[in-house]
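Here is the structure we will look at.
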Amino acid sequence: PRPSSTPADTSVSSVTPTVDENATQEPFSSTFILQANSPSYTSNFANDQACGWLGVAGQVFDLDGAPLGGVTVYLGGTLAGEDVDLFAESGSADAYGPSGYEFALRSDPVASVNTLWIQVYDQEQSQPLSEKIFFSTFSNCDRNLILVNWNEIR
């Protein structure tokens with residue numbers, strides 16, 4: 001048998017793009033990144049609720065490593081079937097340091113796998129200043145406080 005050429009496929013297929021409404025706006029340039037060892041998990045030390053609490057907290061630092069207040073931190077996603085859509089301002093929760101922020105989520109620790117995310121935003125809460133960072137939660141009292149610290153970059 002003699003070799004023959006196979007005609008090229010010239011048909012055009014139509015693809016309808018889908019838009020992820022939670023996707024970061026483009027173009028994106030980070031001005032904040034996670035500090036080394038963030039997120040970290042520990043027991044609740046910030047209030048007297050001990051194990052009757054689940055939360056996310058941390059601090060924000062400027063280019064020189066100094067505490068930076070007035071920065072908006074956004075926590076989104078779902079936890080135990082409930083939507084999470086919260087904003088906090090750095091400098092509003094001094095239990096974590098001078099640029100501390102806090103999100104109190106539940107009155108008990110609950111496990112989740114990457115259903116929550118945290119991100120730094122501008123003060124108008126309209127433009128992200130960091131990537132979305134997904135993280136897990138745990139159902140034990142030794143890890144019911146998730147600490148997430150941010151560093152400003154150029």
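Couplings 3J(HN,Hα) for region 121-126, derived from phi with the Karplus relation 6.51 cos²θ - 1.76 cosθ + 1.60 (θ = phi - 60°), are 10, 6, 5, 7, 6, 10 Hz, where x marks Gly and Pro.
Annotation: for a label point projected 7 angstrom from Cα along Cα→Cβ of SER92, residues of region 34-66 with backbone N closer than 19 Å are 46-47, 54-62. The C-alpha radius of gyration of region 29-90, expressed as a fraction of 2.2 N^0.38 Å, stands at 1.30.
Would you list TYR41, TYR96, TYR101 from the most to the least accessible area, probe 1.4 Å? Could the numbers behind the result be given before it?
Working: TYR41 75, TYR96 25, TYR101 0 Å².
The most accessible residue leads, giving TYR41, TYR96, TYR101.
A simple spin-label model places pseudo-atoms 7 Å from Cα toward Cβ; at ALA36 and PHE134 they are separated by 2.7 nm.
Each principal axis of the Cα atoms in region 43-132 has its own extent, and those three values, largest first, are 36, 28, 18 angstrom.
The values are calculated or read from the model by the stated rules, or taken from the named source; none is laboratory data. No experiment lies behind these values; they were computed from the predicted model shown. When we count neighbours, we look across all protein chains shown, and the Cβ atoms used for this are built from the backbone with ideal geometry, even at glycine. The protein model used for the area step is the full one, side chains on, heavy atoms only, and it has no ligands, DNA or RNA in it. Shrake-Rupley method; radii C 1.70, N 1.55, O 1.52, S 1.80 Å.
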